[in-house]
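**Q** Okay, handing you the structure first.
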Amino acid sequence: MPHIVTDRVVVVGAGLAGLYAALKLAPRPVLMLSPDPLGQGGSSVWAQGGVAAAMDPADSAGSHASDTVRAGAGTVDQAVARMVTDEARAHILDLTRLGTPFDRTTGGGYVLSREAAHSFARVVRVNGDQAGAEIMRALVAAIRAASSVQVLEGVVATGLQTMGNRVTGVRIARADGSVPLTLSAPAVMLAGGGSGGLFALTTNPPRIRGQVIGMAARAGAVVADAEFVQFHPTAIDCGEDPAPLATEALRGEGARLVNRLGERFMLPLHPDAELAPRDIVARAIYAQTQAGLRPVLDTRACLGARILTEFPAVAAACARAGIDPARQPIPVAAAAHYHMGGVATDASGRASLECLWVCGEAASTGLHGANRLASNGLLEALVFARICAAGIDAALGPAPTDAHRITLPRLAAAAEADPALVAQLRRAMTDGAGVVRDAAGLRHTLTRIAAIEAARPDCENLLNMTATATLICASALLREESRGAHYRIDHPHPAQIARRSRITLEDAMAIRDSLQPETT
Ligand code: SIN
């Protein structure tokens with residue numbers, strides 16, 4: 001396999017976490033691998049809600065931290081929650097300085113949206129539901145202007161090179177299917193997103209199918225809280241794949257959830273009704289769907305025609321589906337949205353392997369526990385991008401001043417994941433590891449994953465996906481309780497002691513291998 005050596009820190013992924021970390025690493029030279037043209041393709045650009053930060057003078061980081069801990073259902077690392085919420089304000093000011101056009105009040109303050117389980121309106125937004133797109137626009141412009149960052153567009157990482165417990169580089173491929181080659185680097189930072197796209201019903205872009213978590217796990221990194229997958233209650237149920245999101249901020253504006261009988265079904269379930277924690281609303285939506293009661297989100301009374309201008313992404317998705325939300329309620333379903341679990345990282349953002357840092361949704365820092373508080377995802381990515389950059393600087397010492405730019409050779413075609421196998425994998429995950437789980441379904445899903453993997457054991461891209469799917473199911477099987485987003489119908493109550501989980505791929509594979517093979 002061709003081999004290139006670089007002095008640059010390799011950043012895998014070009015979403016908010018990767019871009020912000022690359023800026024924080026400057027002037028240290030960075031080589032960024034972006035599967036798509038910069039600013040397209042990942043989850044960050046799709047984020048509708050915004051960034052949670054206590055910007056209102058009456059609000060406080062302490063209150064934000066308490067809400068984060070409460071939503072996380074007993075497994076949030078309180079020190080991490082306090083640190084992240086303390087830093088939030090500084091990062092909003094930094095993004096503003098970088099050119100993000102946050103919505104402002106006439107008095108010059110930040111317009112703040114209310115989202116579920118927040119005790120304050122504290123989500124900083126852009127043009128209603130455009131926060132992800134606009135923050136990314138500002139960061140992409142800053143990266144394009146940063147001479148320390150070389151971006152390789154159309155390039156994906158397929159695996160990590162290791163020597164003992166140390167990561168020495170990445171195997172890379174062209175996103176269009178040509179390659180592979182090995183890139184040796186002093187440090188690798190994974191910032192390639194979560195795993196929502198492993199499920200058949202998801203709000204995540206097609207690029208995001210657990211590949212980054214899987215490649216770290218295949219190299220031996222410890223994964224934490226893999227079973228905690230968040231399902232968003234209000235994906236628009238219109239047959240599109242991925243399902244477009246109807247942001248929670250709509251419920252913050254007063255939108256109501258009703259079923260085809262006209263019942264406002266959240267009222268008897270939680271005192272905060274539509275603004276109950278996300279896991280509770282997601283399970284209620286799922287139950288309504290399963291019962292054939294066709295849940296809808298009704299924004300007519302609270303927003304009327306304002307939804308068309310104030311939530312343009314939602315309005316555009318509705319238009320594609322032939323829905324006029326000013327006149328009709330929006331059909332909704334619970335869809336895989338965010339992975340609280342991921343590669344376990346320490347206080348410096350480092351994984352259990354040397355020279356490997358992980359940031360954003362691919363990491364599990366302890367902030368989210370079993371149920372992420374809305375709009376804490378982008379915030380965590382910002383804070384840990386800074387922390388990873390500082391950790392890498394501390395570990396590597398002075399930055400090289402003469403790092404060369406990389407030129408990729410022309411390379412031969414390599415294996416793409418077979419779309420039919422990916423579709424089977426996604427179906428298996430939604431069927432057996434979705435909103436409601438039990439031991440029999442999880443075991444069956446593990447055997448289906450094994451069969452899918454066995455069909456193409458030579459395809460690294462598929463192996464990364466099946467590794468993450470295996471980790472989710474094995475961890476969900478081991479957690480014999482219900483907590484936050486992890487709901488086991490055969491163990492419906494939380495255990496007395498709340499604990500985070502840690503697992504290696506080797507342990508998860510041992511569980512999978514102990515089951516009867518799939519025969520269908
Ligand atoms: C939303 O806008 O509802 C999603 C925000 C988030 O997932 O944090």
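The values are calculated or read from the model by the stated rules, or taken from the named source; none is laboratory data. Keep in mind that what you see is a predicted model, and the values were worked out from it rather than measured. Heads up, the Cβs are rebuilt from the backbone with ideal geometry, glycines too, and the neighbour counts pull from every protein chain shown. To get the accessible areas, we keep the full protein, side chains included, count just its heavy atoms, and leave off ligands, DNA and RNA. Shrake-Rupley method; radii C 1.70, N 1.55, O 1.52, S 1.80 Å.
**Q** Taking residue 264 as the residue in question, decide whether it is open to solvent by 40 Å² or more (accessible area, probe 1.4 Å), at pLDDT 95 or above and farther than 23 Å from residue 120 by Cβ.
**A** yes
**Q** Which of the numbered conditions does residue 510 fail, given that it passes all the others? Conditions: (1) among the aliphatic types (A, V, I, L, M); (2) surrounded by 21 or more Cβ atoms within 10 Å (Cβ to Cβ); (3) without any contact (Cβ under 8 Å) to a residue 24 or more places away in the chain.
**A** (2)
**Q** Need the failing condition index for residue 207 against (1) without any contact (Cβ under 8 Å) to a residue 40 or more places away in the chain; (2) under 30 Å from residue 289 (Cβ atoms); (3) not aromatic (Phe, Trp, Tyr), just the number.
**A** Condition not satisfied by residue 207: (1).
**Q** Of everything in region 276-290, what is open to solvent by 50 Å² or more (accessible area, probe 1.4 Å) and touching a Phe, Trp or Tyr at 6+ places or on another chain (Cβ under 9 Å)? Give them in sequence order.
**A** 283, 286, 287
**Q** Related question: Return yes or no: is residue 157 in contact with a Cys (Cβ under 6 Å, 6 or more places away or on another chain), crowded, with 24+ Cβ neighbours inside 10 Å and among the small types (Gly, Ala, Ser)? Outline the logic, then answer.
**A** Numbers: in contact with a Cys (Cβ under 6 Å, 6 or more places away or on another chain): no; crowded, with 24+ Cβ neighbours inside 10 Å: yes; among the small types (Gly, Ala, Ser): yes.
Criteria not met by residue 157.
**Q** Would you mind finding the one in 351, 347, 390, 385 that is modelled with pLDDT of 95 or more, of a type outside the set (S, T, N, Q), away from the ligand (no atom under 16 Å from the Cβ) and open to solvent by 10 Å² or more (accessible area, probe 1.4 Å)?
**A** So the residue among 351, 347, 390, 385 that is modelled with pLDDT of 95 or more, of a type outside the set (S, T, N, Q), away from the ligand (no atom under 16 Å from the Cβ) and open to solvent by 10 Å² or more (accessible area, probe 1.4 Å) is 390.
**Q** Follow-up question, since we're still on this one. Out of everything in region 334-393 that is assigned to a loop (DSSP other than H, G, I, E, B) and charged (D, E, K, R), what residue ends up being nearest to residue 227 (Cα to Cα)?
**A** My answer is 372.
**Q** Return the total of residues in region 237-254 being open to solvent by 10 Å² or more (accessible area, probe 1.4 Å) and closer than 30 Å to residue 503 by Cβ.
**A** Result for region 237-254: 3.
**Q** A further question follows. Let me confirm something: among 194, 169, which residue is within 16 Å of the ligand (Cβ to nearest atom), open to solvent by less than 10 Å² (accessible area, probe 1.4 Å), modelled with pLDDT of 95 or more and closer than 22 Å to residue 384 by Cα?
**A** Numbers: 169 fails: within 16 Å of the ligand (Cβ to nearest atom).
None of the other options fit; the residue is 194.
**Q** Look through 358, 332 and report the one residue that is more than 13 Å from the ligand (Cβ to nearest atom), crowded, with 24+ Cβ neighbours inside 10 Å, touching a residue at least 24 places away in the same chain (Cβ under 8 Å) and not small (Gly, Ala, Ser).
**A** 358
**Q** Another one. Open to solvent by 10 Å² or more (accessible area, probe 1.4 Å) and modelled with pLDDT of 95 or more, is that true of residue 52?
**A** So residue 52 does not fit the description; no.
**Q** Test each condition in (1) open to solvent by less than 60 Å² (accessible area, probe 1.4 Å); (2) closer than 14 Å to residue 512 by Cβ; (3) touching a helix residue (DSSP H, G or I) at 6+ places or on another chain (Cβ under 8 Å) for residue 443 and report the one that comes out false.
**A** (1)
**Q** Let me ask something additional. From the list 81, 88, 47, 65, which one is out of contact with any Pro (no Cβ under 6 Å at 6 or more places or on another chain), small (Gly, Ala, Ser) and open to solvent by 20 Å² or more (accessible area, probe 1.4 Å)?
**A** Testing whether each residue is out of contact with any Pro (no Cβ under 6 Å at 6 or more places or on another chain), small (Gly, Ala, Ser) and open to solvent by 20 Å² or more (accessible area, probe 1.4 Å) leaves just 47.
**Q** Suppose the filter is within 16 Å of the ligand (Cβ to nearest atom), surrounded by 24 or more Cβ atoms within 10 Å (Cβ to Cβ) and assigned to a loop (DSSP other than H, G, I, E, B); does residue 234 pass it?
**A** no
**Q** Looking at (1) out of contact with any helix residue (DSSP H, G or I) (no Cβ under 9 Å at 6 or more places or on another chain); (2) surrounded by fewer than 21 Cβ atoms within 10 Å (Cβ to Cβ), which one does residue 451 not meet, given that it meets all the others?
**A** Only one criterion is unmet by residue 451, namely (1).
**Q** When the residues of region 237-254 are filtered to those that are of a type outside the set (D, E, K, R) and more than 18 Å from the chain's Cα centre (by Cα), which remaining residue is nearest to the ligand (Cβ to nearest atom)?
**A** Result: 249.
**Q** Can you list residue pairs whose Cβ atoms sit under 9 Å apart, with the first residue in region 105-129 being on the phi > 0 side of the Ramachandran plot and in contact (Cβ under 8 Å) with a residue 24 or more places away in the chain and the second being within 15 Å of the ligand (Cβ to nearest atom) and assigned to a strand (DSSP E or B)? Count only pairs 6 or more apart in sequence or on different chains.
**A** Filtered contacts from region 105-129: 128/113.
**Q** Looking only at region 314-325, how many residues end up being open to solvent by less than 30 Å² (accessible area, probe 1.4 Å) and among the hydrophobic types (A, V, I, L, M, F, W, C)?
**A** 5
**Q** Let me ask something else about it. Do we find a residue being at pLDDT 95 or above and open to solvent by less than 40 Å² (accessible area, probe 1.4 Å) anywhere in region 400-409?
**A** no
**Q** Return only the number of the condition from (1) away from the ligand (no atom under 16 Å from the Cβ); (2) open to solvent by less than 10 Å² (accessible area, probe 1.4 Å); (3) out of contact with any Lys or Arg (no Cβ under 6 Å at 6 or more places or on another chain); (4) in a loop (DSSP other than H, G, I, E, B) that residue 227 does not satisfy.
**A** That leaves (3) as the condition not met.
**Q** Please enumerate the residues belonging to region 255-286 that are within 15 Å of the ligand (Cβ to nearest atom), farther than 18 Å from residue 67 by Cα and in a loop (DSSP other than H, G, I, E, B).
**A** Residue satisfying the conditions is 255 alone.
**Q** Just to verify a result, which residue in region 335-344, among those that are within 16 Å of the ligand (Cβ to nearest atom) and open to solvent by less than 10 Å² (accessible area, probe 1.4 Å), is farthest from the chain's Cα centre (by Cα)?
**A** Checking each candidate, the answer is 335.
**Q** How many residues, within region 97-134, are within 13 Å of the ligand (Cβ to nearest atom), open to solvent by less than 40 Å² (accessible area, probe 1.4 Å) and of a type outside the set (Lys, Arg)?
**A** 13
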